[in-house]
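Novice: Following this message is one structure expressed as structure tokens.
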Amino acid sequence: STTSATSVPRQPRVESLVPCPRWTLRDFAVGPILGRSRNPVFLARHVASGTRVALKRIPRDSLRVPSDARLMCRELTIHAALSAHPDAIARLFGFFWDHAHIYLVLEHADSGDLQAALSVAPNGRLDERRAARIIASVAKALQYCHNAGVAHRDVKPGNILLYSPALDAKLTDF
């Protein structure tokens, strides 16, 4: 394993569906909630490296039927495979679980998501230059997904993450 101030230590490849056995919740300092769709996402810091991440917490009991577990595995596999494109897809660093939850360790978007940006923008609109940059980033991400044979099926402002200072955008939540 390697560590640095800007990256989480390397862990086993997620697409093999092998969890990151060396990670537990104790490896992360969990902070405030960043957002909630079906499952809450927390700002966290990987203690050993200092890297800020987004930690998505999924209740294990939400995967009661085999089809839910298969869908979760499929989403993890797709997200891990697409994470190879650092400019279009928010990285999935890995995952781990405890008795009650499954945790996804995701790249943190320092400027939040597009839904939050629109909610504070004047008249709910971004300036043309910023909107064009976000649209171009999303188009690049969708092209990358489609070239890989993946249809996102849930492109919405809350699944478009923003990064400063350039305010680039990346897709998440596969």
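Novice: Looking at the range 75-174, which trypsin sites (Lys or Arg not before Pro) are in a loop (DSSP not H, G, I, E or B) and have at most 16 other Cβ atoms within 10 Å?
Specialist: Filter output for the range 75-174: ARG125, ARG153.
Novice: Could you calculate, for the range 25-174, the ratio of the Cα radius of gyration to the Kirkwood radius, expressed as Rg to Rh?
Specialist: 0.97
Novice: Restricting to Cα pairs below 8 Å that are 6+ residues apart, what does the relative contact order work out to for the chain? Please round to a whole percent. Kindly include the intermediate steps, with their values, before the conclusion.
Specialist: Working: 291 pairs, mean separation 35.2, N = 174.
So the answer I get is 20 percent.
Novice: What angle, in degrees between 0 and 90 and rounded to the nearest 10, separates the Cα long axis of helix 66-82 from the longest principal axis of the Cα atoms of the chain?
Specialist: 60 degrees
Novice: On the accessible surface of the range 37-174, probed at 1.4 Å, how many percent belong to carbon and sulfur atoms?
Specialist: Details: 3960 of 7440 Å².
Looking at the range 37-174 in its full context, I get 53 percent from C and S.
Novice: With the other protein chains left in place, how much accessible area per residue, in square angstrom, belongs to the chain at a 1.4 angstrom probe?
Specialist: 57 Å²
Novice: Under a 10 Å cutoff between Cα atoms, tell me which one of THR77, THR24, THR51 has the largest fluctuation in the Gaussian network model of the chain.
Specialist: Checking each option, the largest mean-square fluctuation is seen for THR24.
Novice: Can you compute the FRET efficiency between SER62 and ALA131 using 1/(1 + (r/R0)^6), with r the Cβ-Cβ distance and R0 = 35 Å? Round to the nearest 0.05.
Specialist: Details: r = 35 Å, r/R0 = 1.00.
Computed FRET efficiency for SER62 and ALA131 comes out at 0.50.
Novice: Let me ask something else about it. For the chain, modelled as a GNM with alpha-carbon contacts under 10 angstrom, which of HIS99, HIS152, HIS85 fluctuates the most?
Specialist: It is HIS99.
Novice: What is the angle, in °, between the Cα long axis of helix 128-147 and the longest principal axis of the Cα atoms in the chain? Nearest 10 is fine, range 0 to 90.
Specialist: 50 degrees
Novice: Between the alpha-carbon centers of the range 48-79 and the range 86-101, tell me the distance in whole angstrom.
Specialist: The range 48-79 and the range 86-101 have Cα centres spaced 7 Å from each other.
The values are calculated or read from the model by the stated rules, or taken from the named source; none is laboratory data. Computed from a predicted model, the values in this text were never measured in an experiment. Neighbour counts run over all protein chains shown; Cβ positions are idealised from the backbone, glycine included. What goes into the accessible areas is simple: the full protein's heavy atoms, side chains included, and nothing from ligands, DNA or RNA. Shrake-Rupley method; radii C 1.70, N 1.55, O 1.52, S 1.80 Å.
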